[in-house]
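A.B. asks: My questions will all concern the structure given below.
Values in this text are rule-based calculations from the coordinates and carry no lab data. All values reported here derive from a predicted model rather than from experimental measurement. All Cβ positions, glycine included, derive from the backbone under ideal geometry; neighbour counts span all protein chains shown.
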Amino acid sequence: MGYGCPWQRRIAKVKALHIITIFKTAKGTLKIMGATIEQLHQEMDQLRKTTSEVGLELRQVLTEYFAVLVRSLQRQIVMSSFHLCTEVYPEAFLERSVFERETLQQNIRKVSREMTDALATALQNFQELELEEEADPILVLELWEELEDSVTDLFRDSSRRLNHVLQDAQLMKIKSLDKLLDSADKATATGRTITNPPHLLKALVDPDEDEEILDPVVAIYLQLGDLEFTNPELMGWRQKLRPLLQKLSQVQQTYSQKQEEQLTAEAISAWKSTWIAEGTIYGGMGQ
């Protein structure tokens, strides 16, 4: 059926112009969308390169930080054990035979050696990450968080082992030792300061059934924050770590945002290209 009347011809012309306009808009949108996706790819590539640069510098600083940390920790384990044996529980220490004292000291050194070995292993897992060209900032930050968690766990585990070594040697008698250390773990998780002086945990524990007063006890509780606070060299390396970790966190946040934008852009592009392939203009929106 033809368009004989003038008003029919005008309507047909308007429809034709409208279709052409929509088609051009759709093509332009896809072109812009394609450029956006490419731009997102370039931005994410740059973020991965930045991550690699920050990661390499972080690796170097961490190597120095852990070297100082290991030395500080070895010294602190000896000092804390010495303090308990000579100032807190001197009578119990003097009651031990020479052989028992030597065995105690060997067991203390064993805990120290095994803890520092475990720290080296934890660091190695991070150091083995490929950072030469491009690195995923999400993965690097996850590995760093795992390293931090490992260090915290090692400090807690070693504190527990040291106290059990002292308790097994009959230097101290804390009936609820594990309960006391569990409470300390929960307190430190909330940010509370519980050691005074550093690395020593003082508390009142439940008395024996035939006692009417609470007995004060002292146990070893190693903390990374105490080590850094009392060791200027270690604190200096921590201060060098902070800006690198802040930069890495910022890159990770931006990278995650770009990932979401990329997925959205690709999904929109895929949707529209599929509908256009079926002959529908501008993705069939509004039809």
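A.B. asks: With just the Cα atoms defining each centre, how far is region 244-263 from region 42-97? Give it in Å.
C.D. replies: Their Cα centres are 29 Å away from one another.
A.B. asks: What distance in nm lies between label points placed 7 Å from Cα along the C-beta direction at Asn196 and Arg101?
C.D. replies: With each label point 7 Å from Cα toward Cβ, the separation is 3.3 nm.
A.B. asks: What do you get for GluC sites (Glu not before Pro) in region 72-133 restricted to DSSP loop and a cutoff of at most 14 other Cβ within 10 Å of the site's Cβ?
C.D. replies: Hits after loop and neighbour filter: Glu128, Glu130, Glu132, Glu133.
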